[in-house]
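Student: My structure is below; once you've seen it, I'll send some questions.
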Amino acid sequence: MEWLINIMMVCFTSAMLVMIVDSMYIRFKKWRLTILSLISIASLLSSLVLLLMNWAPLYGKYLSIRPLESALSTLYMIDSAGFVLTLLVLLISLFVVLYSKFYISQTDNVGPYFSLIILFVVSMIGVVVAGDLLALFLFWEAMSVCAYGLASFNKEDQLSLESAIKYLVIAGTGSLTALFGIGLIYNETRSILISDLAKINLGVLSIGQLGLLILIVGLGVEAAVFPLHTWLPDVYSSAHPPVTSLFVGATKATSFYAIIKILQRVTLPEMSITQLSLILGVLSLLTMVVGNFSALYQLNIRRLFAYSSIAHAGYVLASLSTLSSLGFIAAIFHLWNYGIVKSALFLLVGMVGKKYDEADLNTLVGVGRNDKAVGALFAALSLAMMGSPPFGLFWSELIIINSLILSRSILGIVLAVGVVLNILVSIGYYYRVINTISLGPGGSGRVTYERMMLVPIILLTTISLATGIAPWIIMERIV
């Protein structure tokens, strides 16, 4: 289990090294961007290799470690699903750093940029493996602070700064809410261990129940669950595309996994299961409807994809509303597939948006006709987001629907129908993307970009295809 600590220490040390090297950039000003990006890539790649070397199915078991032999030491726990989420975070972060090497300018604050990304990775891994509520909150706060810095990195854009402040206020309030919930839980259980959430008395209304509900609400802000989603379209449409790619792929998955860890540990009586399922089900239906129908009317492609992300949060929440093992597995598998595809889409939009500032659909007519690679990738990734085979999202959406039907409840059937209808709605606006960019008449001019920027996008698309063709490779690791 020491390898988990080693992964986090490698990333943390490299983040410090990036800042130290950047402070001496005058000596190698010409090679500043290259050197800092190589340090970042090396740290993430070595962490990824270390993870894969120790990746083995745990089948419901947990690995745990305390770095210090003390009852006050932080507890780290990881299971098969945690492995998959950690892999997702490292993969997307690695591709984002590689893409950023060719996206950001030599004159930007590249040192703080790469350092924040790596610290962001450490924080997200910390949230995934945290075994107690205090560690969960501390890593959550570190993740949020890094996110605020990255969201406002495009400081020359007033809209970016305004959206970052909005994000800070809303997400900061969510963090304080979560902390209040942790305090109430501790008041009843006298423990901060996540495994001790089972001690909460759920038979009657109690302080612990209230704390649990408040904690889930606080964590739901980062997951962009209705009505706590209002920050997301502004941030996703104004932050740097590689940053948005990291948010949409890694941060959303991490946020939902924190909620999943809590729901898995709570022992619920029959009446409480029904009530909690109803709350989650109603919120999921509202989230997917608001996300999809808002996306239908968007002309800015980044806002369109942002609202689509809200809809997918609804699908995940619908799966969680079953409070079943299959529902949790379906949610995690969907977070994997969705994160891979949507991260690739935002990287692709960033590549095109270098020429077309606002990436408005009306200005992107026929771009894919003039550049076959761009057109093919937009078409493939849009088809993937529709849930078309042979991409991985087809299987995860199918398993979500299956988990809802197998719940054998009226709510489950209603949500299953709701998910299907919302997927049909999403086909409408993703077809518009394909029809405009990939099939539209040429004339917008050829997009100019570094060819290396295509590499992470193609690799992410390939991973989605591989997951769709052989879904058991990931599924057997989640169980």
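A short reminder: the numbers here are calculations on the coordinates, not readings from a lab. All values derive from a computational prediction rather than experimental measurement. Here Cβ is always computed from backbone atoms with ideal geometry, including for glycine, and neighbour counts include all displayed protein chains.
Student: Can you give me the distance in nm between label points at residue 402 and residue 24, each placed 7 Å from the Cα along the Cα-to-Cβ direction?
Tutor: Roughly 5.6 nm, to one decimal.
Student: Then there is this: Given a Förster distance of 41 Å, report the FRET efficiency between residue 431 and residue 191 from their Cβ-Cβ distance, rounded to the nearest 0.05.
Tutor: Calculated value: 0.20.
Student: Over 27 Å, how big is the tail of the calculated P(r) for segment 268-479, in percent of all Cα pairs?
Tutor: Taking all Cα-Cα pairs of segment 268-479, the fraction more than 27 Å apart is 33 percent.
Student: Just to be sure I follow the definition: excluding the sites themselves, where is the longest run in the chain that has none of the trypsin sites (Lys or Arg not before Pro) in a DSSP loop with at most 13 other Cβ atoms within 10 Å?
Tutor: Between the exposed loop sites, the longest stretch runs 191-407.
Student: If each DSSP helix of 4+ residues adds -39,500 (n - 2.57) and the sum is divided by the residues in the chain, what number results at 222 nm, nearest 500 deg cm²/dmol?
Tutor: Value at 222 nm, helices only: -24000 deg cm²/dmol.
Student: Using the Karplus curve 6.51 cos²θ - 1.76 cosθ + 1.60 with θ = phi - 60°, what ³J(HN,Hα) values do you get for each residue of segment 303-311, in whole Hz, with x for Gly and Pro?
Tutor: 5, 4, 5, 5, 5, 4, 5, 4, 4
Student: Say the cut-off is 31 Å between C-alpha atoms; which of 101/252; 101/372; 166/342; 30/372; 30/342 go over it?
Tutor: Too far apart for the 31 Å limit: 30/372; 30/342.
Student: Considering only the other residues whose Cβ falls under 12 Å of the Cβ of residue 328, what net charge follows from Lys and Arg at +1 and Asp and Glu at -1?
Tutor: Values: positive: 261, 265; negative: 79.
Computed value for this residue: +1.
Student: Give me a comma-separated list of calculated 3J(HN,Hα) values for segment 117-124, in order, Karplus coefficients 6.51, -1.76, 1.60 applied at θ = phi - 60°, integers in Hz, x for any Gly or Pro.
Tutor: For segment 117-124, the Karplus curve yields 4, 5, 5, 4, 4, 4, 5, 5 Hz.
Student: Excluding residue 456 itself, calculate the net charge of residues whose Cβ lies under 14 Å from the Cβ of residue 456, where each Lys or Arg counts +1 and each Asp or Glu counts -1.
Tutor: Numbers: positive: 101, 342, 451; negative: 450.
Residues near residue 456 contribute +2 overall.
Student: I would also like to ask the following. How far is the Cα center of segment 372-418 from the Cα center of segment 153-178, in Å?
Tutor: 31 Å
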